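The values are calculated or read from the model by the stated rules, or taken from the named source; none is laboratory data. Since we're looking at a predicted model, the values are computed, not measured. So basically every Cβ, Gly included, is an ideal-geometry build from the backbone, and we count neighbours across all protein chains shown. To get the accessible areas, we keep the full protein, side chains included, count just its heavy atoms, and leave off ligands, DNA and RNA. Shrake-Rupley method; radii C 1.70, N 1.55, O 1.52, S 1.80 Å.
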Amino acid sequence: MTERSTGYRIFTIFNYILLTALAVVCLYPFYYVVVASISNPDALVKHHGLLLAPLKEMTLDGYRMVFSNKLVLSGYANTLFVLFAGLVLNLVFTTVGAYVLSLKDLVLRKPLTILVIVTMYFSGGLVPTYLNIKDLGLIDNIWSLIVPGAITTSNLIIMRSAFLGVPDSLSEAAKIDGASHLDILFRVMLPLVKATLAVMVLYYGVSHWNAWFNASIYLRTPSKYPLQLVLRNILVESQTNEMMQDIGAAQSPQVMMLIKYALIVVSSAPIIMIYPFLQRFFQKGVMIGAVKG
């Protein structure tokens with residue numbers, strides 16, 4: 001018993017050390033970017049190795065320059081619009097579609113489910129999708145970032161599985177009391193699958209927040225760009241020179257580096273702060289959708 005307890009303690013200590021080391025390795029890049037974004041740019045360019053504290057005096061010039069740029073502000077506004085409008089459409093269409101496919105007395109239920117699943121593996125491709133968006137008149141329209149992705153098939157299947165996990169007796173009792181399908185969906189089903197619904201918010205929300213590819217294809221006007229496309233143009237295509245001209249800052253490698261670090265923090269911080277509030281639902285919601293049905 002003593003040997004077993006000693007071995008268990010050693011195993012536990014080893015796990016703590018290993019997991020702590022992994023956490024440090026994963027979190028340090030985020031910490032580095034935050035510290036670099038408030039460090040003196042001249043000292044930052046010359047610095048090598050680990051960065052544990054702001055270099056010299058702390059400065060917020062990078063954030064001032066970022067928020068002085070009109071494209072960053074319009075990008076934030078566009079991303080927030082896509083996020084909230086997209087989430088509303090995503091949740092409405094996904095929950096209604098999943099509820100319909102979960103009805104066990106639905107005519108042609110299995111063929112419809114198979115047709116939905118097929119779309120996970122086969123799509124029309126980029127060119128037909130672009131032509132479809134063009135025919136709908138959505139080129140250079142911010143709704144082109146919302147409407148085509150109103151439903152993600154994998155999320156629809158997860159939500160359907162969650163609905164299938166709700167006992168049939170509850171919906172049958174509601175029908176006896178005269179409840180319609182909408183009443184059953186919103187008053188019976190959704191309150192019982194709140195964990196899965198929170199996972200849908202997280203999945204769709206992160207997808208909208210990080211999306212830039214579709215915007216680079218469908219949008220032409222820079223003022224309509226979402227934040228991530230603005231960020232990509234600055235970080236990947238090195239368009240900081242135009243940005244510094246707009247705000248009247250001197251062009252230098254030090255300032256460019258400071259702007260890039262500040263942009264990364266500004267674009268990543270909101271989703272990182274929201275995640276902890278939904279994380280407690282994450283495992284439960286995914287397991288419901290993965291095991292049932």
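Some values worked out for this structure:
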{"quantity": "Neighbours by Cβ (under 7 Å, 6+ apart or cross-chain): first from segment 97-114, touching a residue at least 24 places away in the same chain (Cβ under 8 Å) and of a type in the set (Gly, Ala, Ser); second open to solvent by less than 100 Å² (accessible area, probe 1.4 Å) and part of a loop (DSSP other than H, G, I, E, B)", "calculated": "GLY97/ILE151"}
{"quantity": "Residue in segment 195-205 that is open to solvent by 50 Å² or more (accessible area, probe 1.4 Å), at pLDDT 85 or above and part of a helix (DSSP H, G or I) present", "calculated": "yes"}
{"quantity": "Residue list for segment 95-126, restricted to those being within 24 Å of PRO167 (Cα to Cα), outside any helix (DSSP H, G or I) and not hydrophobic (A, V, I, L, M, F, W, C)", "calculated": "LYS104, ASP105"}
{"quantity": "Number of positions in segment 18-45 that are closer than 20 Å to LEU235 by Cα and not aromatic (Phe, Trp, Tyr)", "calculated": "13"}
{"quantity": "Matching option when the condition is in a helix (DSSP H, G or I), touching a helix residue (DSSP H, G or I) at 6+ places or on another chain (Cβ under 8 Å) and not charged (D, E, K, R), among VAL25, VAL88, VAL34, VAL92", "calculated": "VAL34"}
{"quantity": "Unique residue being under 27 Å from SER267 (Cα atoms), in contact with a Leu (Cβ under 6 Å, 6 or more places away or on another chain) and not aromatic (Phe, Trp, Tyr) when the list is LEU51, LEU22, LEU44", "calculated": "LEU44"}
{"quantity": "Extreme residue, nearest to LEU106 (Cα to Cα), among residues of segment 158-171 that are part of a helix (DSSP H, G or I) and open to solvent by 40 Å² or more (accessible area, probe 1.4 Å)", "calculated": "ASP168"}
